[in-house]
Amino acid sequence: LAQDAWIRKTSRPPPFLPAMMQVTCPPGVSDGQQITVQAPDGGQFAVEVPKGVEPGGVFTVQIPQGVGAPAQQAMGQVGDLMSDKSVLFIKQEWAAIECLGCEAKNRYRVSVPTAAGDEGLPVMYIAEKSDCLERICCSVNRSLTLNLHAGPSQDAPIMMSMHKPFHLQGCCFCRPLFSMKDGQGNLIGEVDDPFACCAVDQRIKTATGEEKFRTGPTSVCQMGFFCPCCADINFPIHDKASGQQVASVTKRALDLQDMFLQTNRFVINFDKVQDPTDKRLILGAAMLLDLEYFEVNKNNNN
């Protein structure tokens with residue numbers, strides 16, 4: 001009987017994944033007040049402004065069932081959380097297990113920055129999936145998959161996955177590569193980082209293999225590379241066809257928290273890029289920059 005009960009419990013269909021949307025706090029409204037918002041299908045519902053959110057701030061709400069958010073938005077199709085984002089702030093989280101000298105899975109909060117340029121309320125979340133033994137033995141060179149979740153935690157549905165095979169960090173061969181797929185497993189593009197002397201020169205490609213953007217080429221002879229706590233590091237994103245800069249990735253200078261916890265912060269400015277799929281490709285390029293140039297070995301070999 002116990003076994004039958006366990007089978008019935010584990011064979012239940014997965015719960016419905018609620019649709020989420022972002023709301024901007026209107027002028028003259030403070031936290032704790034209720035406002036009426038409009039869902040993507042035109043339906044309206046009331047929400048309470050969370051504590052600490054000021055006018056102009058962005059927060060995430062769950063769309064009630066029956067209001068009618070499109071099913072594809074809940075499942076993480078192109079055009080859901082990326083379409084209206086012009087700037088993203090990515091903050092790496094610290095893991096307590098690293099105090100024991102063990103490499104932890106990387107996790108990142110993705111938000112729309114505040115007016116002051118600081119981290120806002122998380123709207124998406126990135127969580128690493130990798131093998132424990134490989135993290136310990138291979139550290140920064142390990143193969144891994146980063147899953148982008150359409151919500152503020154890894155409990156939200158996956159809207160994109162980024163897979164990196166084993167590579168050799170800082171080496172002229174066995175260079176890093178990201179293969180990116182949407183929430184349904186369809187290939188949306190790749191990012192590779194071929195060797196370039198004293199420069200970063202990523203190639204951002206579409207699902208068909210066509211080169212769409214390039215990160216750089218930009219010199220590594222920037223103050224932020226030599227003194228990470230003194231200056232930001234800027235990576236311009238150029239359109240392959242026109243050669244014009246259309247977006248940028250900025251690694252923020254390390255603050256005290258970043259230095260002690262060995263975490264990083266990035267800002268992606270999509271600027272002239274409007275297509276949600278292109279924005280995902282640039283997000284993938286930013287994550288590969290972190291893994292190739294700024295990820296440090298947190299294992300204690302002693």
Close pairs (6 angstrom Cβ cut-off, 6 or more residues apart or separate chains): under 17 Å from S248 (Cα atoms) in the range 81-94, assigned to a loop (DSSP other than H, G, I, E, B) and open to solvent by 10 Å² or more (accessible area, probe 1.4 Å) anywhere: V87/P113; F89/P113; F89/E119; K91/E119
Given (1) open to solvent by less than 60 Å² (accessible area, probe 1.4 Å); (2) under 24 Å from V87 (Cβ atoms), number of the condition Q245 does not satisfy: (1)
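Results for (1) among the small types (G, A, S); (2) part of a strand (DSSP E or B); (3) at pLDDT below 85, shown as yes or no for each residue.
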{"position": "G66", "(1), (2), (3)": "yes, no, yes"}
{"position": "Q72", "(1), (2), (3)": "no, no, yes"}
{"position": "I90", "(1), (2), (3)": "no, yes, no"}
{"position": "I126", "(1), (2), (3)": "no, yes, no"}
{"position": "C137", "(1), (2), (3)": "no, no, no"}
Subset of the range 125-169 [of a type in the set (A, V, I, L, M) and within 20 Å of the chain's Cα centre (by Cα)]: I126, A127, V140, L144, L146, L148, A150, A156, I158, M159, M160, M162
Filtered residues of the range 205-235 (kept if within 30 Å of D255 (Cα to Cα), in a strand (DSSP E or B) and not basic (K, R)): T215, G216, P217, T218, S219, I233, N234, F235
Filtered residues of the range 262-272 (kept if farther than 18 Å from Q92 by Cα and open to solvent by less than 10 Å² (accessible area, probe 1.4 Å)): F270
Test result for L100, farther than 30 Å from M21 by Cα, of a type outside the set (D, E, K, R) and touching a residue at least 40 places away in the same chain (Cβ under 8 Å): yes
Any hit, the range 281-288, residues being surrounded by 13 or more Cβ atoms within 10 Å (Cβ to Cβ), touching a residue at least 12 places away in the same chain (Cβ under 8 Å) and at positive phi: no
Options T206, T215: the member that is surrounded by fewer than 19 Cβ atoms within 10 Å (Cβ to Cβ), touching a strand residue (DSSP E or B) at 6+ places or on another chain (Cβ under 8 Å) and not basic (K, R): T206
Residue in the range 219-233 that is within 17 Å of D278 (Cβ to Cβ) and surrounded by 20 or more Cβ atoms within 10 Å (Cβ to Cβ) present: no
Scan of the range 147-171 for residues that are buried (at least 18 other Cβ atoms within 10 Å of the Cβ), among the small types (G, A, S) and free of Cβ contacts under 8 Å to residues at least 40 places away in the same chain, ordered by number: S161
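The values are calculated or read from the model by the stated rules, or taken from the named source; none is laboratory data. It should be emphasised that the depicted structure is a prediction, and the values quoted were computed from it without experimental measurement. Cβ: placed from backbone, ideal geometry, glycine included. Neighbour counts: every protein chain shown. All accessible areas refer to the heavy atoms of the entire protein, side chains included, with ligands and DNA or RNA removed. Shrake-Rupley method; radii C 1.70, N 1.55, O 1.52, S 1.80 Å.
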